[in-house]
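Below is one structure; the comments refer to it alone.
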Amino acid sequence: EAAINRIAAGEVVERPASAVKELVENAIDAGARRIEVSYADGGKTLIRVVDDGCGISGADLPLAMSRHATSKIDGSDLLNIHTFGFRGEALPSLGAVGRLTIKSRPEGEEAFTISTSGGEQSTVKPTALSGGTIVELRDLFYATPARLKFMRTDRAEAGAINDVIKKLAMAEPHVTFILRDVSGGGEGRVVFRADAEIGDLFDAIHARLRRILGAEFAENALLIDAEREGITLTGYAALPTYSRGSSVAQHLFVNGRPVRDKMFIGALRGAYMDFLSRDRHPAAVLFLEVEPTRVDVNVHPAKSEVRFREPAIARGLIVSAIRHALAEAGH
Ligand code: ADP
Ligand code: MG
């Protein structure tokens, strides 16, 4: 049973960055306004996520650590997924592949802690915490040497964590994100920081993209705001003059979740076809909102892939919205 759990867990948690993604998505789901992530040794020895979200009550802590326990879905509604989490798999998976400790305190309640190691759960104990939740994952894959071997250098794993945080930060501009490397101990070094942006969502996203992708992107960014057959598309697409030698500045979010999708890459290429040569990649950060029943985000446990029920509509919307914006800007 423990071995099976560890194998299944490896599907969700491939590397430190995937653990960070699950934990930060949980913090976002919990309504956090401030999320602080610390890691040591590329996340291999320590990942810590501190949030000021709604917290988990002491009575619910053992449940949160158990397989397929989620507070976000009632089972009857498996396709209607609005929050990031919906499988109740992340925490038990992390508890199976590392040493996991959770401290939490919902408003008006006492603080409690629970930990698990190698799938063995401790009892719930009182602890000290002013509010929110702290999740600490130590020694990822310590019990599965085969997986340990596949991790890359600390530097490469830290880079992947950085990418995950920046991506999530793009979609949540009203939330403060802080990323620290605490390898040397103590306070460590802040490697990324984005304070909560102010203003309406469009302004906040523009400001957040300026912070993450830089002033040049922000100054060349065209506002996208379009709708077709119940699918809405918002965000920013850059003028052709701001293009890159790779696809690093292409980000698609479906219902708030970052996804990787070939359709998106193809749609961007189509939209910019007349303006860019094959070796130049356009830059765009787009947020697609679609009725959850019309998209399958459940293709892979790590949830970064999507399958549209009507891919042609989504593709057509992206191509036409960008072309329209480019035409309005004189292209
Ligand atoms: P899922 O996110 O799919 O529900 P998880 O295993 O990631 O599953 O989390 C299990 C449950 O633990 C969540 O449904 C939520 O109720 C609770 N939880 C996890 N992390 C947090 C957090 N940072 N703040 C508040 N509640 C949390
Ligand atoms: Mg989750």
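Just so it is clear, none of the values below were taken in a lab; they were calculated from the coordinates. This structure is a prediction, so every number in the text was calculated from the model and none was measured. Backbone-built Cβ (ideal geometry, glycine too); neighbour counts: all protein chains shown.
With one equal scatterer per alpha carbon and no solvent term, the Debye-computed log10 I(q)/I(0) for the chain at 0.07, 0.08 1/Å reads -0.30, -0.39.
For the chain, the longest principal axis of the alpha carbon atoms and the long axis of helix 16-29 meet at an angle near 90°. If the chain linking Ser246 and Glu109 were pulled fully straight, counting 0.36 nm for each residue of separation and taking away their Cα-Cα distance, it would gain 44.4 nm. Amide H to amide H distances under 5 Å link Thr176 with Arg34, Ile35, Ala196, where only residues 5 or more positions off or on other chains count and H is placed in the peptide plane.
What are the ³J(HN,Hα) couplings of the stretch 35-48, residue after residue, when phi is run through the Karplus curve with 6.51, -1.76, 1.60 and θ = phi - 60°? Round to Hz, x for glycine and proline. With the stated coefficients, the stretch 35-48 comes to 10, 10, 10, 10, 9, 10, 6, x, x, 5, 9, 8, 10, 10 Hz. Residue separation of Lys149 and Gln121 scaled by 0.36 nm, minus their Cα-Cα distance, works out to 7.5 nm of gained length. Across every pair of non-identical alpha carbons in the stretch 213-328, the mean reciprocal distance, once inverted, gives a Kirkwood radius of 14.2 Å. Distance between the modelled labels on Glu187 and Asp139, one decimal in nanometres: 3.0 nm (7 Å Cα→Cβ projection). Sorted on the mean count of surrounding Cβ atoms within 10 Å across their residues, most packed first, peptides 259-272, 184-197, 22-35 read 22-35, 259-272, 184-197. The stretch between Glu291 and Ile198 holds 30.7 nm of extra length on full extension. This uses 0.36 nm per residue minus the Cα-Cα distance. Which percent, nearest 5, of DSSP beta bridges in the chain are antiparallel? Bridges in the chain are about 80 percent antiparallel. Legend: calculated FRET efficiency, Asp163 to Asp41, from the Cβ-Cβ distance at R0 = 22 Å, rounded to 0.05, equals 0.80. In order along the stretch 176-192, the Karplus-derived 3J(HN,Hα) couplings, from 6.51 cos²θ - 1.76 cosθ + 1.60 at θ = phi - 60°, round to 7, 10, 10, 10, 10, 9, 10, 3, x, x, x, 5, x, 10, 6, 9, 7 Hz, and Gly and Pro are given as x. Computed over the chain, the per-residue total of -39500 (n - 2.57) for DSSP H runs of n ≥ 4 gives a 222 nm mean residue ellipticity of -10000 deg cm²/dmol, rounded to 500.
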